[in-house]
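Peer 1: For reference, the structure I am asking about is given below.
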Amino acid sequence: MRTETYDSPLGGLVLAADVEGLAGAWFADQRHYGEFGSVRNGLAGDLERPGNAGDGAQARVLAQARAWLDAYFAGDNSSGLPPLHLMGTPFQQCVWQLLLEIPYGQTTTYGALARELEHRFGSRTSARAVGGAVGRNPVSIIVPCHRVLGANGAITGYAGGVDRKRALLELEGVRV
């Protein structure tokens, strides 16, 4: 696992990559930072030691993540996502994949995501369970958990802070 800091307009982001892809992008002061199973274990080990196997691949992933973030904060949503390596439970993986389907500049609700999961998998899911998975998204901004709102359209619960969530939505042209 290799990490670096990205200076965003909303504060420093810690980016973490392994040979498979971007495994983390967290605001250093956000909730749940470092609670991400394998990612947390990787962050506790030797990070950026020169000569690690896959060092070049990790550097490429981090460069792609920086380029994506640069474009995003410049208001450009046309660049492709960097390769992702999202580590979580099967349920979290399903929720995070739904987040990736929310178009730039649009929002949805926790309840709508729960209904979509029920539609796709035939199993009833609560909005609260979806909210728990959304809140533990390990790749902030790039996996757009900030596009999920409360049932009444209110800006609620963002691990990076509600002010950042509002700023990200405003950047995308969402009226908040």
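Peer 1: Give the carbon-plus-sulfur fraction of the accessible surface of the chain in %, rounded to a whole number; probe 1.4 Å, heavy atoms of protein chains only.
Peer 2: Carbon and sulfur together cover 48 percent of it.
Peer 1: Add +1 for every Lys or Arg and -1 for every Asp or Glu among the other residues with Cβ under 13 Å from the Cβ of D70, and state the total.
Peer 2: That works out to -1.
Peer 1: Show me the three semi-axes of the equivalent ellipsoid for the chain, from the C-alpha gyration tensor (sqrt of 5 times each eigenvalue), largest first, rounded to whole Å.
Peer 2: Here the semi-axes work out to 27, 19, 14 Å.
Peer 1: Out of the DSSP beta bridges found with both residues in the chain, what percent are antiparallel (nearest 5)?
Peer 2: Counting DSSP beta bridges with both partners in the chain, the antiparallel share is about 75 percent.
Peer 1: Could you state the accessible area per residue of the chain in Å², with a 1.4 Å probe and every protein chain left in place?
Peer 2: Averaged over the residues of the chain, the accessible area is 48 Å².
The values are calculated or read from the model by the stated rules, or taken from the named source; none is laboratory data. These numbers come from a predicted model, not from an experiment. Using ideal geometry, Cβ is built from the backbone for each residue, glycine included, and neighbour counts are taken over all protein chains shown. Ligands, DNA and RNA are stripped out before the accessible areas are found, and what is left, the full protein with its side chains, is counted by its heavy atoms. Shrake-Rupley method; radii C 1.70, N 1.55, O 1.52, S 1.80 Å.
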